[in-house]
1. Any idea what the dipole of region 77-135 comes to, in debye rounded to 20, about its Cα centre with Lys/Arg Cβ at +1 and Asp/Glu Cβ at -1?
2. In debye, nearest 20: dipole of region 37-116 around its Cα centre with unit charges on the Cβ of K, R (+) and D, E (-)?
3. Gaussian network model of the chain, Cα springs within a sub-10 Å range: biggest mean-square fluctuation belongs to which of 260, 69, 21?
4. Treat every Asp and Glu Cβ in the chain as -1 and every Lys and Arg Cβ as +1, leave all other atoms uncharged, and give the resulting dipole magnitude about the Cα centre to the nearest 20 debye.
5. Per DSSP H run of at least 4 residues, take -39500 (n - 2.57); add these up for the chain, divide by its residues and hand me the 222 nm value, nearest 500 deg cm²/dmol.
6. Using a Gaussian network for the chain with springs between C-alpha atoms less than 10 Å apart, which of these wobbles most: 240, 277, 125?
7. For the pairs 196/287; 327/347; 325/347; 196/250; 162/196, note any where the Cα-Cα span goes beyond 20 Å.
8. Select from 49, 253, 34 the residue farthest towards the positive end of the dipole of the chain; place +1 on Cβ of Lys and Arg, -1 on Cβ of Asp and Glu, and compute about the Cα centre.
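Only the coordinates and a few stated rules stand behind these numbers; no lab work does. The model shown is predicted, which means the values in this text are computed figures rather than measured ones. Methodologically, a virtual Cβ is constructed for each residue, glycine included, from the backbone with ideal geometry; neighbour enumeration extends over all protein chains shown.
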Amino acid sequence: MYKNYQSIKISEQCLSDQWPPKPDRALPTYVVNLDAPPVERWKDIVANYKDELNDLLAYMKTFIVEISPELKFLIDLVDTKLPAMADTLPAPYGDEMKGISQGSGLPLGEVVLYNVFYEVSSFCTSVVGQDQDGNIFHGRNLDFGGMMGWDKINHTWALTEKLRPLMVQINYTQNGQVLFKTTTFLGYIGSLTGIKPGVFSVSINERNALRGGYIGLIEWIYNINRNQSFITFAIRDMLTKSESYDQSVKYLAEVPLLAPCYYIIAGPKPGEGVIITRSRNGSDDIKPLGKDNLWFLAQTNYDNWKKQPIYDDRLTPCIKCMQAKGKNQVTFESLFNVLSSRPMLNKMTVYTSLMKPATGQFEAYWQLCLDEEASCRPW
């Protein structure tokens, strides 16, 4: 179905035939042993991805200012301030970055740049749903790399394509057991999407706001204010330390942050789901599962209580599709179909993750939006 909004052609779908994805779309899985010294944890893994990491970082340095002129300061600091920044980060993150630098051969400043980049740029769709029996499911699309180098021949975003070879699932172990799992880009040590079995699952969406993450980065780099957390390190802290859904929600709602964002959290028990709309210093809104008698929550990159921008309304089609599926169809299959439907699936979408907090079930698949199947938006 196509709708014309002020000359913007948007394809809206609610598909039912995308599950199951082919086995070769499952992301490769690696183990990071938290009992090992932080500087050693990533060395062997990143050594196999040297070319991909070098290619990505070279491209990022060239085109990062296309996102915003304000970000040029990061490029200017790659060889001066950013290497020293690793020593200012809370443990174990600085030492892990040093290990990634040693294992990949990348300069430490470039590894730091890679790991702080999410603070200032990403798009996403996240959904939490509860079925008629009270089971909680959590799905998310990660959209990344838009506005950086549109390839007119292949109709793709260049940065998005350079990220694809780095998509992995990481199982973090402690005392020989899996403590939590994440979907990430290899070499990136924060957590964008993760699950701690039996405790909670979480995804993060960028919040489009004036004076976003780059202000917090400036404050951190120049030691103006370091009493704040990087938004993806806050997630990993909870995945490592949290013992309950409530503890995770409270922390992510209150911790001072470098950047505004949305935290989408699901728990193992009925009714445990929430969207936390974060400013840097607190929560602007907390929307629990069940509000307005809704059995699901959906979030993209704009405040969910406001009218969505006409050029990027993924929320309204997502809500329509979830309502069409119904409460009796909250499964990995239905969530994957929703997240594989346009415009939730778009040119920036790189993966879909599916999580069930109660059991720890966690699956992640690469995604690719092709124009020949239906009109596919560039953002």
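1. Roughly 240 debye, rounded to the nearest 20.
2. In total the dipole reaches around 100 debye.
3. Ranking 260, 69, 21 by mean-square fluctuation puts 69 first.
4. 640
5. Per the formula, -7500 deg cm²/dmol.
6. Top of the fluctuation ranking is 240.
7. Pairs exceeding 20 Å: 196/287; 327/347; 325/347; 162/196.
8. Farthest towards the positive pole: 253.
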